[in-house]
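Notes for the one structure printed next.
The values are calculated or read from the model by the stated rules, or taken from the named source; none is laboratory data. All of these numbers come straight from a predicted model, not from anything done at the bench. For neighbour counting, all protein chains shown are included, and Cβ atoms are generated from backbone atoms with ideal geometry for every residue, glycine included. SASA here: full protein model, heavy atoms, side chains in, ligands and nucleic acids out. Shrake-Rupley method; radii C 1.70, N 1.55, O 1.52, S 1.80 Å.
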Amino acid sequence: MSGGKRMRKGAAGRPVTPRRAAKKPVKKPAEPAMDLAVGRRIRDLRRTKQMSLEVVAARTDLSIGFISQIERGLSSPSLRVLATLADVLGVGIAALFGATPEDDSAGGVVTREVQRAELKLWRTGISKQLLSPAGSESRLNLFLVHLDPGGNTGDEFYTHDGEEAGLVLSGEMILTVDTETWTLKQGDSFRFASRRPHRFSNPARDANAVVLWVNCVTAAG
């Protein structure tokens, strides 16, 4: 046949169509980006308080190297570690979410759903959405805590300043305070002083848990 392009034929005489390059999977944003943002916030707060790494390490019983890695986003801290650092820095965990957005048309009173700051503890299966305006000055803060299946704060108990309360909106949560343990289901609520050793987890293998959580801390010293 003249005037046309010839197609190459395979061994069996069938035309060989050109191969298309395989599409590379789209990579999701790396979770460590969250660690970097939290680390920078901790470093900024520490410098604002004019506290050295040595002082923070001595007061938290964490190593200087570990704190430095957290500040540089090289290590993903647990909720227990974050609570301990926030306590020593004289702020609540809400302060680690960053400053209030510049577009504060609600005057620091209302937080729209799209404006919620989020703190993802991706290694432990816990994420906290801040429902109240972000910033280090607030003493009373409201969170929406999401627990992945098996999500937990770890085997170690932790303590921090203030008082907390909550309501299980969906799923199930195991809460241990001191030596007592409770299984909380949808509609169950709790309250305790944050200085009491505590930990919590989602025991489900295939269901998330959502908890409305309130933290109230005393004024910074």
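General remarks:
- Taken together, T159, T179 contain a single residue that is polar (S, T, N, Q), modelled with pLDDT of 85 or more, more than 22 Å from L36 (Cβ to Cβ) and open to solvent by 70 Å² or more (accessible area, probe 1.4 Å), which is T179.
- Qualifying residue in segment 124-134 (condition: of a type in the set (V, I, T) and closer than 24 Å to G90 by Cα): yes
- Subset of segment 29-64 (residues that are open to solvent by less than 60 Å² (accessible area, probe 1.4 Å) and outside any helix (DSSP H, G or I)): M51, S52, L62
- Unique residue being of a type outside the set (S, T, N, Q), free of Cβ contacts under 8 Å to residues at least 24 places away in the same chain, over 19 Å from D148 (Cβ atoms) and out of contact with any Ser or Thr (no Cβ under 8 Å at 6 or more places or on another chain) when the list is V214, V177: V177
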